[in-house]
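The values are calculated or read from the model by the stated rules, or taken from the named source; none is laboratory data. Everything numeric here is computed off the predicted structure, so don't read it as measured data. For neighbour counting, all protein chains shown are included, and Cβ atoms are generated from backbone atoms with ideal geometry for every residue, glycine included. Only protein heavy atoms, including side chains, enter the accessible area calculation; ligands, DNA and RNA are left aside. Shrake-Rupley method; radii C 1.70, N 1.55, O 1.52, S 1.80 Å.
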Amino acid sequence: MSADLKVVQWATGNIGLKALREVITHPAMTLVGVHVYGADKIGRDAGELCGVAPIGVRATGGIEDVLALSPDCVLYMPRTFDVDDVCRLLESGINVVATCGQFHHPASMDPHLRDRVEAAGQAGRASAHSTGSSPGFISEALPLVLTSIERRLDGLVIEENADLSKRDSPELLFDLMGFGRDLAPFDQFRADYLAASFGPSLRLLADAVGLPLEQVTARGELAATPREVHIAAGTLKAGTVAAQRITIAGRRGGKDLLAFRATWYCTTDLEPAWEVRETGWHVSVAGDAPLEVTLRMPIPLERMAETTPGYTANRAVNVVAAVCAAAPGIRSTLDLPPVVTKFA
């Protein structure tokens, strides 16, 4: 690892701000720039933006300013992926670690997008990599470790559960996610959207263990509350949506081999009755050495919104050195060494 990797933080949402703080304090990195989108952030000190002491690095809103800094890596964390920006960074010799999910499984990417990004990386001798907590850690890194103890794999299911009852965000829960609405057929678009994020991870995992998938499917379910429920974001009337579940399944040989299942709920009193777990992850491995592994997030629900960005941001920061040292082009988890964090 270089003793002084020059890093630019691109975007300062919840995850970006956490990454920004960690780069500032990282013993083997120097923050040289911050790219922001809000006009009210341009010109402000990076330390001020993320709640630490000023460090003398001012935020900018232009990619030309980032290119002029010649950083080793950009931590790319915008709301929307922009292939033009990413390709300009790569062509300029700047490595990209993204929490956008475009690069998890290069083989299943849109060929035009893959070829364009790959060409940019080769031109600049730079690498692009996607990571995060979910997808990323829970759908790639951990399953690869768990399957290393098997000699026969019959199936693997990753469950992600989130209790949203203390999340004080009416816009997120009611407007975007549809809690509190009358029951209706599940919007397949939402299931397909999640499949676009997790399908590539499942395909990568399947390829890694030599069992490539024949198909990835997505389906969604809804459950209602039988009685009126008061949550931090507002009130759910009896009979309205109080839980939703999306399952992304990777199929092989006519059956589900790998699956990712996300369950979001605002109460455990549901119709139909669902078995829901505490906020966190659970991984079931069926094989000749079966395993059940639960990763619980021991955080008060009221603090989830402020704490969970670290699960995604930290992994991205921790993989920067490996991506900078990698061969040019799109690099997946399988192309990089295991992420080993250095704390000092």
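Calculate how many DSSP beta bridges within the chain are antiparallel, expressed in % of all such bridges and rounded to the nearest 5.
In the chain, approximately 60 percent of DSSP beta bridges are antiparallel ones.
Among the aspartates and glutamates, which fall within straight-line cross-link reach of Lys18, defined as a Cα-Cα distance under 14 Å, with same-chain neighbours fewer than 8 residues apart omitted?
Glu48, Glu306
Tell me, how many Å apart are the Cα centres for the range 32-81 and for the range 193-236?
Between the Cα centre of the range 32-81 and that of the range 193-236, the gap is 33 Å.
May I ask you to compute the full-extension gain from Glu302 to Asp115, defined as 0.36 nm times their residue separation minus their alpha-carbon distance, rounded to one decimal in nm?
Gain in length upon complete extension: 62.9 nm.
Quick one: helix 188-208 against the long Cα principal axis of the chain, what's the angle to the nearest 10°, folded into 0 to 90?
Compared with the principal axis, the helix lies near 70 degrees.
For the chain, what is one quarter of the convex hull surface built on the Cα atoms, given in nm²?
18.1
Using only DSSP helix segments of four residues or longer, with each worth -39500 (n - 2.57), what per-residue ellipticity at 222 nm results for the chain after dividing by its residue count and rounding to 500?
Estimated from H runs of four or more residues: -8000 deg cm²/dmol.
Pop the C-beta distance of Ala196 and Thr30 into the FRET formula with R0 = 30 Å and round what comes out to the nearest 0.05.
My answer for the efficiency is 0.30.
Taking the solvent-accessible surface of protein heavy atoms with a 1.4 Å probe, what is the per residue accessible area of the chain in Å²?
Solvent-accessible surface per residue comes out at 46 Å².
Just to confirm the number: angle between the C-alpha axis of helix 111-124 and the first principal axis of the chain, 0 to 90 degrees, nearest 10?
Relative to the chain, helix 111-124 is tipped by roughly 30 degrees.
With Kirkwood's inverse mean 1/r over C-alpha pairs for Rh, give me the Rg to Rh ratio of the range 79-230, two decimals please.
Expressed as Rg/Rh, it is 1.04.
What does the convex hull of the Cα atoms of the range 150-288 come to per residue, in Å³, rounded to a whole number?
112
For the chain, give the percent of accessible area contributed by carbon and sulfur heavy atoms, probe 1.4 Å, rounded to a whole number.
Of all accessible area on the chain, carbon and sulfur atoms account for 51 percent.
Can you tally the net charge around Pro298? Count Lys and Arg as +1, Asp and Glu as -1, for every other residue whose Cβ sits under 14 Å from the Cβ of Pro298.
0
Students often check this: by mean Cβ neighbours within 10 Å, which of 328-335, 229-236 ranks highest, and how do the rest follow?
My ranking of the peptides, most packed first, is 328-335, 229-236.
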